[in-house]
Amino acid sequence: MVYYHPKKLHVQEENLQQLLVSIVLESECEMFPSISSDESYTLIVKGPVAVLKANRVWGVLRGLETFSQLIYQDAYGTFTVNESTVSDSPRFPHRGILIDTARHYLPVNSILKTLDAMAFNKFNVLHWHIVDDESFPYQSTTFPDLSNKGSYSLSHVYTPNDVRKVIEYARLWGIRVIPEFDSPGHTQSWGKGQKNLLTPCHDRRSPSNNPFGPINPILNTTYSFLSKLFKEVSLVFPDQFLHLGGDEVSFNCWHSNPDIQNFMKQHGFGSDFEKLQSFYIQKLTDIISTVKKRPIVWQEVFENNSKLQPGTVVQVWKEGYDVILSRVTAAGFPVILSAPWYLDWISYGQDWVKYYRVEPLEFSGSKEQKQLVIGGEACLWGEFVDATNLTPRLWPRASAVGERLWSEESVRNEDDAYKRLTAHRCRMVRRGIAAEPLFTGYCDNMLK
């Protein structure tokens with residue numbers, strides 16, 4: 001389980017003097033966590049010495065979190081930990097939180113605080129949706145005008161030092177940082193700092209009346225730019241994955257542009273703009289392969305019949321996700337599930353319950369297909385979220401997702417989960433995480 005609620009039962013009264021930590025495979029050091037990192041651990045709490053064993057340092061981090069949650073402070077101020085034996089490992093290797101720093105800029109300290117809370121809940125992936133239509137806060141050393149002209153202001157950027165700070169802080173918590181540079185749509189801010197990148201629209205009668213549309217996929221200069229940008233990004237972010245987006249591409253502007261229409265005729269695409277998007281995605285994924293990264297894409301890329309490289313991960317975010325899960329895994333592609341966990345959709349009451357009830361493998365498919373579901377993400381999009389409400393909107397609602405992705409399918413008792421989650425919310429508050437309450441009541445005295 002992700003969040004523990006210690007039962008006040010004393011099997012044996014004995015002072016605990018020491019926690020002995022050992023890493024079994026310490027000779028094989030991993031500098032950064034990865035999708036294959038071993039997070040398993042065994043914790044034996046019995047006086048006078050408790051023992052925590054793990055194969056890797058990542059398991060030690062998860063075990064230390066569990067140990068901290070087993071300690072409580074009673075009404076008399078006495079710290080107590082019960083005799084316990086815990087043998088634990090995650091059900092899914094990818095357990096993520098998506099933050100959006102394009103719609104509203106999130107200060108670095110807010111991101112670091114989010115990483116703290118993620119570790120408290122055994123999440124291990126920060127999906128950093130770093131740029132979008134509204135702003136381009138990533139400060140590129142190769143193309144500095146992208147942020148100089150595309151950010152909200154020069155104070156609303158993430159410098160190379162800021163990005164390194166986030167990645168290193170995450171590493172110390174055993175958390176991977178996967179950046180998303182979503183294209184060819186969601187790129188209006190890119191065009192402010194990169195001339196001739198976006199498609200000129202020839203019919204501006206659309207409601208947005210925008211002179212430019214998605215990235216222009218027919219120009220060689222487009223792919224020269226993308227090659228240089230992603231070469232830099234691949235060196236900045238050490239994780240083996242890059243998220244390439246690919247969702248919500250409007251074809252109106254492409255349709256209006258005579259150069260693109262001629263290009264499509266020459267390539268036999270007819271009037272099928274999904275084929276043009278697939279052409280772009282294939283070129284982009286070829287670029288990603290040259291920098292030794294694995295791509296993640298949103299589900300539209302798969303649905304548009306793009307030719308995807310083996311190992312490409314498809315992130316599912318739309319309703320009716322059981323059907324697309326079956327289709328994607330039948331095609332042999334790994335999957336990340338996000339559709340039931342969009343935390344930007346809020347409602348009155350205890351909506352954590354609907355997140356907790358989700359079963360990621362509840363779809364039609366073989367055992368081999370279900371093994372391709374590598375995990376899931378709780379997504380907090382930023383249209384109505386900035387540093388003032390980021391934390392209370394995430395926590396403890398995301399905690400329910402965290403337990404679903406860590407614990408076995410059989411851990412489903414909602415009454416038990418409510419008691420543990422209530423205690424865990426108070427624990428997070430004591431640790432400086434402004435997690436919102438689940439219901440009425442108060443937080444009693446509890447150890448940080």
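The values are calculated or read from the model by the stated rules, or taken from the named source; none is laboratory data. Quick caveat: nothing in here was measured; it's all calculated off a predicted structure. As a convention, Cβ positions derive from the backbone with ideal geometry for all residues, glycine included, and neighbour counts pool all protein chains shown. Protein only, heavy atoms only, side chains kept; ligands, DNA and RNA dropped before computing areas. Shrake-Rupley method; radii C 1.70, N 1.55, O 1.52, S 1.80 Å.
Accessible area of His267, 1.4 Å probe, to the nearest 10 Å²?
90
What ranking do 47-53, 131-137 get when scored by the average of other Cβ atoms within 10 Å per residue, highest first?
On the way: 47-53: 15.9, 131-137: 24.0.
Top of the packing list down: 131-137, 47-53.
Considering all projection directions equally, how large on average is the shadow of the alpha-carbon convex hull of the stretch 72-214, in square nanometres? Kindly include the intermediate steps, with their values, before the conclusion.
On the way: hull surface 53.8 nm².
If you wrap the Cα atoms of the stretch 72-214 in a convex hull and average its projections, you get 13.5 nm².
Could you pull out every Cys in the chain that lacks a partner Cys with its beta carbon under 4.7 Å away?
Isolated Cys, the chain: Cys29, Cys379.
With +1 on the Cβ of every Lys and Arg and -1 on the Cβ of every Asp and Glu, and nothing else charged, how large is the dipole of the stretch 103-248 about its Cα centre, in debye rounded to the nearest 20? Intermediate results must be reported in sequence, preceding the final value.
Values: 14 positive and 14 negative charges, 49 e Å.
For the stretch 103-248, the charge dipole is close to 240 debye.
For the chain, take every pair of Cα atoms, bin their distances at 10 Å starting from 0, and report each bin as a whole percent.
Result returned by the calculation: 4, 20, 29, 25, 14, 6, 2, 1, 0.
Could you work out what % of the accessible surface of the stretch 200-275 is carbon and sulfur, using a 1.4 angstrom probe and leaving DNA, RNA and ligands out of the count?
Values: 1970 of 3950 Å².
Carbon and sulfur together cover 50 percent of it.
Rolling a 1.4 angstrom probe over the protein chains, ignoring ligands and nucleic acids, what is the accessible area of Trp190 in square angstrom, nearest 10?
Per-residue accessible area (Trp190): approximately 0 Å².
Longer than 24 Å from Cα to Cα, which of Lys318/Lys354; Lys192/Lys293; Lys195/Lys307; Lys228/Lys318; Lys265/Lys318; Lys228/Lys293 are they? Say none if no pair is. Intermediate values should be presented prior to the final figure.
Numbers: Lys318/Lys354 16 Å; Lys192/Lys293 27 Å; Lys195/Lys307 29 Å; Lys228/Lys318 32 Å; Lys265/Lys318 32 Å; Lys228/Lys293 14 Å.
With Cα atoms farther than 24 Å apart: Lys192/Lys293; Lys195/Lys307; Lys228/Lys318; Lys265/Lys318.
Using θ = phi - 60° and the Karplus relation 6.51 cos²θ - 1.76 cosθ + 1.60, list the HN-Hα couplings for the stretch 149-159 in order, rounded to whole Hz, with x at every Gly or Pro.
Those phi angles translate into 10, x, 7, 4, 7, 5, 8, 9, 9, 9, 6 Hz.
Considering the Cα positions of the stretch 51-96, please state its Rg to one decimal place and its Dmax as a whole number of Å.
13.3, 41
Quick check for you: with a 1.4 Å probe and neighbouring chains kept, what is the accessible area per residue of the stretch 53-109, in Å²?
Working: 2100 Å² over 57 residues.
On a per-residue basis, 37 Å².
Given H placed on each backbone N at 1.01 Å, which residues far from Val373 in sequence or on other chains put an amide H within less than 5 Å of it?
Long-range HN contacts for Val373: Val335.
From largest accessible area down, sort Asp74, Asp100; use a 1.4 Å probe on the protein chains.
Working: Asp74 40, Asp100 5 Å².
The most accessible residue leads, giving Asp74, Asp100.
Considering amide H positions built from the backbone, and no H for Pro or chain starts, which residues 5 or more places from Val21, or on another chain, come under 5 Å of its amide H?
Here the answer is Leu52, since their amide H atoms fall under 5 Å of that of Val21.
Dipole size in debye (nearest 20) for the chain around its Cα centre, Lys and Arg Cβ +1, Asp and Glu Cβ -1? Each step should come with its number before you reach the end.
Working: 46 positive and 50 negative charges, 104 e Å.
Computed about the Cα centre, the dipole is about 500 debye.
For a quick check: with amide H placed at 1.01 Å from N, whose amide H comes under 5 Å from Arg294's, ignoring anything fewer than 5 positions away on the same chain?
When sequence neighbours closer than 5 places are left aside, the close amide H contacts are Phe241, Leu242.
Evaluated at 10 °C with a viscosity of 1.306 mPa s, what Stokes-Einstein diffusion coefficient in µm²/s does the stretch 331-426 have when Rh comes from the Kirkwood expression over alpha-carbon pairs? It would help to have the intermediate numbers written out before the result.
Numbers: Rh = 14.6 Å.
After rounding, the answer is 109 µm²/s.
Over the Cα atoms of the stretch 268-317, what Rg and Dmax result, in angstrom?
So, for the stretch 268-317, Rg and Dmax equal 11.1, 34 Å respectively.
With a 1.4 Å probe and every protein chain left in place, work out the accessible area per residue of the stretch 120-254 in Å², rounded to a whole number. Display every interim value, and only then the final one.
Values: 5260 Å² over 135 residues.
Roughly 39 Å² per residue, with all protein chains present.
Out of the total accessible area of the stretch 360-448 (probe 1.4 Å, heavy atoms of protein only), what percent is carbon and sulfur?
Numbers: 2120 of 4080 Å².
Summing carbon and sulfur atoms, their accessible area is 52 percent of the total for the stretch 360-448.
Along the stretch 351-361, what does the Karplus equation 6.51 cos²θ - 1.76 cosθ + 1.60 (θ = phi - 60°) give for ³J(HN,Hα), rounded to whole Hz, x for Gly and Pro?
So the Karplus estimates, Gly and Pro as x, are 6, 4, 4, 5, 5, 5, 6, 5, 10, x, 9 Hz.
So what's the angle, to the nearest 10 degrees on a 0 to 90 scale, between helix 57-70 and the longest Cα principal axis of the chain?
Between helix and principal axis, roughly 50 degrees.
Against the longest alpha carbon principal axis of the chain, how many degrees, from 0 to 90 and to the nearest 10, is the axis of helix 108-120 turned?
50
Measuring with a 1.4 Å probe in the full set of protein chains, what accessible area per residue, in whole Å², belongs to the stretch 362-422?
Details: 2580 Å² over 61 residues.
Accessible surface, normalised per residue, equals 42 Å².
By accessible area of protein heavy atoms, probe 1.4 Å, what ranking do Tyr152, Tyr169 get, highest first? If you can, show how the numbers build up before the last one.
Working: Tyr152 110, Tyr169 75 Å².
Ranking Tyr152, Tyr169 by accessible area, largest first, yields Tyr152, Tyr169.
Enumerate the calculated ³J(HN,Hα) couplings along the stretch 336-345 in order (Karplus 6.51 cos²θ - 1.76 cosθ + 1.60, θ = phi - 60°), each rounded to whole Hz, writing x wherever the residue is Gly or Pro.
With the stated coefficients, the stretch 336-345 comes to 10, 9, 10, 3, x, 10, 8, 7, 6, 7 Hz.
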